[in-house]
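What follows draws every value from the coordinates through simple rules; no lab data is involved. The shown structure was predicted, so the numbers you read here are calculated from the model rather than taken from an experiment. We place every Cβ from the backbone using ideal geometry, glycine too, and count neighbours over all the protein chains shown.
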There are 2 protein chains.
Amino acid sequence: MRVSLFPLSNLPEICDGDDLATLLWDAAARDGLALTDGILVVCQKIVSKAEGRVVRWTAMEPSAAANALAVQTDKDARFVEVVLRESRRVVRSAPGVLICETHHGFVCANAGVDQSNAPGPEYAVLLPRDPDSSAEKLRAALCERGAGPLGIVISDSFGRPWREGQVDVALGCAGFAPLRDQRGQLDRAGRPLAVTAPATADQLAAAAGLLMDKAAGVPAVWIAGLKPSGTGPLRSLLRDPAHDLFR
Amino acid sequence: MRVSLFPLSNLPEICDGDDLATLLWDAAARDGLALTDGILVVCQKIVSKAEGRVVRWTAMEPSAAANALAVQTDKDARFVEVVLRESRRVVRSAPGVLICETHHGFVCANAGVDQSNAPGPEYAVLLPRDPDSSAEKLRAALCERGAGPLGIVISDSFGRPWREGQVDVALGCAGFAPLRDQRGQLDRAGRPLAVTAPATADQLAAAAGLLMDKAAGVPAVWIAGLKPSGTGPLRSLLRDPAHDLFR
């Protein structure tokens, strides 16, 4: 048994309206990959670009709240305005730092608004509006072309509490269960496992992150050798705020 | 280019004093794996067992603090006593939940004290005392046998804020840099990356988690195709509490 990760690197620069499924299908074909019995992890940025989720932040009119937060965080008020429009709430702010909860419920720096690999210095890329739906559309379009069974993960790299550095997490998924609930299964000594529920979607995103490189341009990774089973959505992994002990 | 993950499943039950390096080396040899130019991810539990980090929790004498916390969390006071001895502080407690910061600085459920796959129902397994040192000893012992260059990750599955389920993270590492600091490198458009620093050690742990299964007994995974470079320790990834905005 073996699980293998293949980088899909021969993709063109993605623009609003591009047919991402066809571009990924062609890139996989050029690398001799069949996109069957595995998971395709696609970085959020190319999904967002194909969906037109790009804004010219320098053209924004900052609100009073954005102006105040810009002073506190040492960021451009026009950029902060974009972040606030993508946010449900500000989780933490400090010089250089603005951690927000997005309208989807993701907690991350700048509500996921990112200037790296944007179409130009005046532009920023937003997270997809509904990453689970983006993943399902991509899955269906790839299956139409002859791929599958396959799962899709749309990933982004997030910082996390208590640890330096970023790890890729899943923003959306389709075609497999994002959580393997093993509660009640027996351990090797025959005792039931109390809390074991690996978050498969996030493990896949993190694994793909080993090959995704913002500088080198690897926006998708094919993970072969894992049969997708079950179904999404990823949003089922987001904790009910009432049950989240860390809030 | 390809990265491949191989489960090492043919390991015996590990006991105090076992020579883990030899057992892993032999298991890899049986699977035809050379343990060269890759990373060996080893689950914390077998490292702890080999190091004798197992306690009979039913024999503990609970303190007043343990008794109070046991009532609050609906847990056995003798088990809570073990958890408190492994902890620097209690982060959150509620019925069924006890999240602690360990003496190492890890924030996790029950300070990492775990009954699953323990030697018996009266026993619990603690985290290794110094996982970076455990990783380095394992690396050196494997290199003596002819393995290498290789990196080692000692991993455990942790819950996380805001999301359901667990993902494996690194507790210790050796033989490679746990963080790829790309700050200052250029994105594809030629602009410097501001904050990009993938936490390689945690990505590796999460990737291996795809194949580690508490029920099926896969305590180690060989990740081939990534040349280890740089050096540890993992503890360099733990954020200075003063700089952690989530505390």
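Taking only Cα atoms, what is the 0 to 90° angle, nearest 10, from helix A:200-209's long axis to the longest principal axis of chain A? Once rounded, one gets 70 degrees.
What FRET efficiency would be calculated for the residue pair A:Asp26, B:Tyr123, taking the C-beta separation as r and a Förster radius of 60 Å, to the nearest 0.05?
On the way: r = 55 Å, r/R0 = 0.92.
For A:Asp26 and B:Tyr123, the calculated efficiency is 0.60.
In this entry, the protein assembly as shown is assigned a mean projected area of 22.1 nm², taken as a quarter of its C-alpha convex hull surface. With label points defined 7 Å past Cα in the direction of Cβ, position B:Ala216 shows copy-to-copy spacings of 2.8 nm, given to one decimal and shortest first. Here the label points at B:Arg85 and B:Ala216, each 7 Å from Cα along the C-beta direction, are separated by 3.6 nm in the simple model. Tell me, what is the FRET efficiency for A:Arg235 and A:Asp76 to the nearest 0.05, using R0 = 30 angstrom and their Cβ-Cβ distance as r? Calculated transfer efficiency: 0.45.
Take each of the peptides A:218-225, B:68-75, average the number of other beta-carbon atoms within 10 Å over its residues, and list them starting from the highest. List each step's numbers first, then the result.
Values: A:218-225: 23.4, B:68-75: 16.6.
Top of the packing list down: A:218-225, B:68-75.
Projecting the Cα atoms of A:Ser4, A:Val55, A:Tyr123 onto the charge dipole of chain A, computed from C-beta unit charges around the Cα centre, puts A:Ser4 farthest toward the positive end. From its DSSP helices (H runs of at least four residues, each -39,500 (n - 2.57)), chain B gives a residue-normalised ellipticity at 222 nm of -7500 deg cm²/dmol.
Between B:Met1 and B:Arg191, the simple label model (points 7 Å from Cα in the Cβ direction) yields a spacing of 2.4 nm. Taking the Cβ-Cβ separation of A:Ala94 and B:His103 as r and a Förster radius of 25 Å, what is the calculated FRET efficiency to the nearest 0.05? Working from the Cβ atoms, E equals 0.35. Summing Cβ point charges (Lys, Arg +1; Asp, Glu -1) relative to the Cα centre of the protein assembly as shown gives a dipole of roughly 340 debye. Two numbers describe the Cα atoms of chain B: Rg and Dmax, which are 18.9, 62 Å. Listed by chain and number, the lysines placed with their C-alpha closer than 18 angstrom to that of B:Lys75 amount to none; residues fewer than eight positions away on the same chain are left out. For chain B, the longest principal axis of the alpha carbon atoms and the long axis of helix B:64-73 meet at an angle near 80°.
Using modelled backbone amide H atoms (1.01 Å from N, in-plane), which distant-in-sequence or interchain residues come within less than 5 Å of B:Ser155's amide H? Here B:Val42, B:Cys43, B:Gln44, B:Leu171 satisfy the definition.
Each part reduced to its alpha carbon centroid, the stretch A:119-154 and the stretch A:1-74 end up 8 Å apart. Modelled label positions at B:Ala140 and A:Lys227, each set 7 Å beyond Cα in the direction of Cβ, lie 4.5 nm from each other. As a length-normalised measure over Cα pairs under 8 Å and 6 or more apart, the relative contact order of chain A settles at 25 percent. What are the lysines whose alpha-carbon lies under 18 Å from the alpha-carbon of B:Lys49, with same-chain residues fewer than 8 places away excluded? The reachable lysines, counting only those whose Cα sits under 18 Å from B:Lys49, are B:Lys137, B:Lys214.
Tell me whether the stretch B:54-125 comes out rounded, prolate or oblate; compute the Cα gyration tensor, take square roots of the eigenvalues as a ≥ b ≥ c, and use a/c under 1.5 as the rounded threshold. The shape class here is oblate.
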